[in-house]
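To keep things clear, I will list the structure first and then write my remarks on it.
The values are calculated or read from the model by the stated rules, or taken from the named source; none is laboratory data. From a predicted model like this one, the values you see are computed outputs, not experimental measurements. A quick note on method: Cβ atoms are made from the backbone with ideal geometry, for glycine too, and the neighbour counts reach across all protein chains shown. Protein only, heavy atoms only, side chains kept; ligands, DNA and RNA dropped before computing areas. Shrake-Rupley method; radii C 1.70, N 1.55, O 1.52, S 1.80 Å.
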Amino acid sequence: QVQLVESGGGSVQPGGSLRLSCAASESIFSTKAMGWYRQAPGKQRELVATLTNYADSVKGRFTISRDNAKNTVYLQMNSLKPDDTAVYYCGTVPGRYWGQGTQVTVSS
């Protein structure tokens, strides 16, 4: 059974931080590359982080990590900007499976 459940989103002021978590089913976590995507209103979903690469827009501010014992992938987001506002999804890479998403809003 494929299951991806994100958590940790919320509202934060510019310059703030959030940590997203994604609990994955064993069948996905142990066999697929994982990443974090985001989709802003009116825009296409974009891949922002994998374990080996980051989108230029988040490089140096976001850090992806995984805990194999917990089947969980994290996204630490620092120095957040209003442009980071989006629904964030964890998913497989390439994208075939995604979670339900968690909203991140960066606003003063």
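Structural remarks
- For the pair D56 and A69 in one chain, pulling the backbone fully straight at 0.36 nm per residue adds 1.7 nm over the alpha carbon distance.
- Karplus-derived 3J(HN,Hα), 6.51/-1.76/1.60, for each residue of region 78-86, Hz, glycine and proline x: 10, 6, 5, 10, x, 5, 7, 4, 4
- Reducing region 1-46 and region 57-84 to their Cα centroids gives an inter-centroid distance of 9 Å.
- With each label modelled as a point 7 angstrom along the Cα→C-beta vector, the R96-S108 pair spans 4.5 nm.
- Farthest toward the positive end of the dipole of region 29-108, out of T63, F29, L75, is the Cα of F29, where the dipole comes from beta carbon charges about the Cα centre.
- Rounded to the nearest Hz, the phi-derived 3J(HN,Hα) couplings of region 41-57 under the Karplus curve 6.51 cos²θ - 1.76 cosθ + 1.60 (θ = phi - 60°) are x, x, 10, 6, 5, 10, 7, 9, 7, 10, 5, 10, 7, 10, 5, 4, 5, where x marks glycine and proline.
- Accessible surface, the chain, averaged per residue in Å² (probe 1.4 Å): 54 Å²
- Our compactness index for the chain, the C-alpha radius of gyration over the empirical 2.2 N^0.38 Å, is 0.99.
- Computed E for D83/S25 - FRET, C-beta separation, R0 22 angstrom, nearest 0.05: 0.10
- Counted charge near G9, where neighbours are those whose Cβ lies closer than 14 Å (Asp, Glu -1; Lys, Arg +1): 0
- For region 21-76, a crude dipole built from +1 on the beta carbon of Lys and Arg and -1 on the beta carbon of Asp and Glu, taken about the Cα centre, is about 140 debye to the nearest 20.
- By the rule of a C-alpha distance below 20 Å, with chain neighbours fewer than 8 residues away ignored, the aspartates and glutamates paired with K59 are E46, D83, D84.
- In order through region 22-37: 3J(HN,Hα) via Karplus (6.51 cos²θ - 1.76 cosθ + 1.60), integer Hz, x for Gly, Pro: 9, 8, 10, 5, 4, 4, 8, 4, 8, 10, 10, 5, 10, x, 10, 10
- Database remark: amide H of L80 closer than 5 angstrom to the amide H of G15, G16 (H placed geometrically; neighbours at sequence offset of 5 or more, or on other chains; Pro and chain starts carry no H).
- Interchain or long-range residues, amide H under 5 Å from Y37's placed H: V48, Y89, C90, G91
- Rounded to the nearest 20 debye, the dipole magnitude of the chain is 80 debye, with +1 charges on Lys and Arg beta carbons, -1 on Asp and Glu beta carbons, and the Cα centre as origin.
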